[in-house]
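J.: Let me begin by handing over the structure; questions about it come next.
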Amino acid sequence: MNNMLEQENEQNKPRRSKLKLILLVIGLLLLIIIGTAGGIGLYIASALQPVAATEQEVRVSIPQGAGSLQIAKELEMKGLIKNSSVFTYYLKVKKQGSRLQAGEYSMKPGMTFEEMIDKLNKGETVKEEVIRITIPEGYTIDQIAAKLGEQTPWKKEVFLQMADAPAGLKGDTIATIPDNKSIKHRLEGYLFPETYEFKKDSTEQDFIERTLQQLDKKLATLPPDWKDKLKERGLNVHQMLTIASLIEREVVVNEERALVSGVIQNRLKKNMPLQIDATVQYLFDKSKERLLEKDLQIQSPYNTYLNTGLPPGPIASPSLASMKAAIYPEETKYLFYVTKKDGTKGHLFAETFEEHKKNIAESKKAAN
């Protein structure tokens, strides 16, 4: 009997050893799995934490059409996150990533995932440094040059040189400038007055070409018959811009633009000197408060007191409103106008010189 028990025990020993081994292996596997899971968990937890914070600005460029993974890799490469895969998974869990916007961003190490995602969702990109310049309506080339010299990195001497010799510049309308040596500045009147923004590395040529192209665009918005209207009166685009510049410098009240244009047209038809003060003021570096009789006698093709017809070219940059008035003058019999001295900056109009003299007297009376 004892022999049989001993024999059975001997047979069970390998089974128990094998079971112990299996249990040991299972236990080790469980420990490995638990340890691995714990390690992975700790790794993910660490990856979810912001990187060490610094005050160093980091620029991140997100191209158009970039997906979540590409954005995550860019953030990892710039040292803003620890792991791109974890960031991508975080976006999926939080149901984010569909509104991330392209552009250049400024971020700092230490930002949380939420802060970075919020910034990318809102498109809070870095504002590019630009050159911003406003050219007021009625500014002359010399005034524009002075403003560029004061408010931009551009050199006014370079600008003036190009304004006087615009060969090679892009623009359709400048082809209409006549080859007239009496023109003070060839591009006078052709640089459309507006507010412009340019990249920091832009040049004087970029500025001029942009303003010339803007003039082309503005002329394209005029009614389709505008060129036909000019031909009916025997005018070309250069002459239209010249008339528009006279209107711009003479008129303050918008409603009077077409009226003054009508006066100019009427005097041209009668071959009368235009006698426009603004053309004489154009001869001075700075406008005078009041022109003297000797000023009206200055010999210059721009002096419309001594010469009939239009001056050689524009005397300033006209607005689109003044261009429209030059093209579509109001039909009137007026030949004279004088500025009111009552502070309204309007004009009194007259058909005859006698009426004009009465208006002058009335204007002076209002001033007193």
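The values are calculated or read from the model by the stated rules, or taken from the named source; none is laboratory data. In this text, all values refer to a predicted model and were calculated from it rather than measured experimentally. As a convention, Cβ positions derive from the backbone with ideal geometry for all residues, glycine included, and neighbour counts pool all protein chains shown. These accessible areas exclude ligands, DNA and RNA; they are computed on the full protein's heavy atoms, side chains included. Shrake-Rupley method; radii C 1.70, N 1.55, O 1.52, S 1.80 Å.
J.: If all Cα-Cα distances of segment 163-249 are sorted into 5 Å bins from 0 onward, what percent lands in each bin, rounded to whole numbers?
T.: Result returned by the calculation: 3, 12, 22, 25, 20, 11, 5, 2, 1, 0.
J.: Hey, another quick one. I'd like the accessible area for E55: 1.4 Å probe, protein heavy atoms, all chains in place, Å² to the nearest 10.
T.: Rounded to the nearest 10, the figure is 150 Å².
J.: What distance in nm lies between label points placed 7 Å from Cα along the C-beta direction at A45 and Q161?
T.: 7.0 nm
J.: Next question. Find the accessible area per residue for segment 208-308; the probe is 1.4 Å, ligands and nucleic acids are left out, and the unit is Å².
T.: 52 Å²
J.: Please arrange D228, D206, D295, D216 by accessible surface area, largest first, computed with a 1.4 Å probe and ligands excluded.
T.: D228, D206, D216, D295
J.: Related question: What ranking of K147, K269 comes out by heavy-atom accessible area, probe 1.4 Å, highest first?
T.: K269, K147
J.: Starting from the Cα of R132, move 7 Å in the Cα-to-Cβ direction to define the label point; list residues of segment 169-213 whose amide nitrogen is under 12 Å from there.
T.: 195-198
J.: To continue, here is another question. Please give the per residue volume of the convex hull enclosing the alpha carbon atoms of segment 214-351, rounded to a whole number of Å³.
T.: Measuring per residue, one finds 117 Å³ for the Cα hull of segment 214-351.
J.: Round to the nearest 10 and report in Å² the accessible area of H185, as given by a 1.4 Å probe over the protein chains' heavy atoms.
T.: About 20 Å², ignoring ligands and nucleic acids.
J.: Can you tell me the FRET efficiency between L69 and D201 if r is taken as the Cβ-Cβ distance and R0 is 35 Å, rounded to the nearest 0.05?
T.: 0.55
J.: Taking the dipole about the Cα centre of the chain, with the C-beta of Lys and Arg at +1 and of Asp and Glu at -1, give me whichever of L320, P109, L283 is farthest to the positive side.
T.: P109
J.: Rank K82, K364 by accessible area, highest first, at a 1.4 Å probe radius?
T.: From most accessible down to least: K364, K82.
J.: Could you tell me what percent of the accessible area of segment 238-285 is made up of carbon and sulfur, with a 1.4 Å probe and every protein chain present?
T.: Carbon-and-sulfur percentage of accessible area, whole number: 42.
J.: Kindly provide the pair-distance distribution of segment 66-196 built from C-alpha pairs, with 10 Å bins from 0 and whole-percent values in order of increasing distance.
T.: Spelled out bin by bin, segment 66-196 gives 10, 29, 13, 11, 18, 14, 4, 0 percent.
J.: Any idea what the dipole of segment 235-368 comes to, in debye rounded to 20, about its Cα centre with Lys/Arg Cβ at +1 and Asp/Glu Cβ at -1?
T.: In debye, rounded to 20, segment 235-368 gives about 160.
J.: Find the Rg to Rh ratio for segment 58-122, where Rh is the Kirkwood radius over alpha-carbon pairs and Rg uses the same atoms.
T.: Rounded to two decimals, Rg/Rh equals 0.90.
J.: Return the carbon/sulfur percentage of the accessible area of segment 85-218, one whole number, probe 1.4 Å, all protein chains in place.
T.: The nonpolar share, carbon plus sulfur, comes to 45 percent.
J.: If a/c stays under 1.5 just call it rounded; otherwise compare a/b with b/c (prolate if a/b is bigger, oblate if not). Do that for the chain, with a ≥ b ≥ c from the square roots of the Cα gyration tensor eigenvalues.
T.: prolate
J.: Taking R0 as 30 Å, what FRET efficiency do you get between N180 and A361 from their Cβ-Cβ distance, rounded to the nearest 0.05?
T.: Step by step, r from the Cβ atoms, then E = 0.15.
J.: Quick query: amide H of Y139 versus all other amide H atoms, modeled in the peptide plane; which residues come in under 5 Å with a sequence gap of 5 or more or a different chain?
T.: Hits under the 5 Å cutoff: S317.
J.: Among all the lysines, which ones have a C-alpha under 20 Å from K358's C-alpha, if same-chain residues fewer than 8 places away are not counted?
T.: Leaving aside lysines fewer than 8 places away in the same chain, those within reach of K358 are K333, K340, K341, K345.
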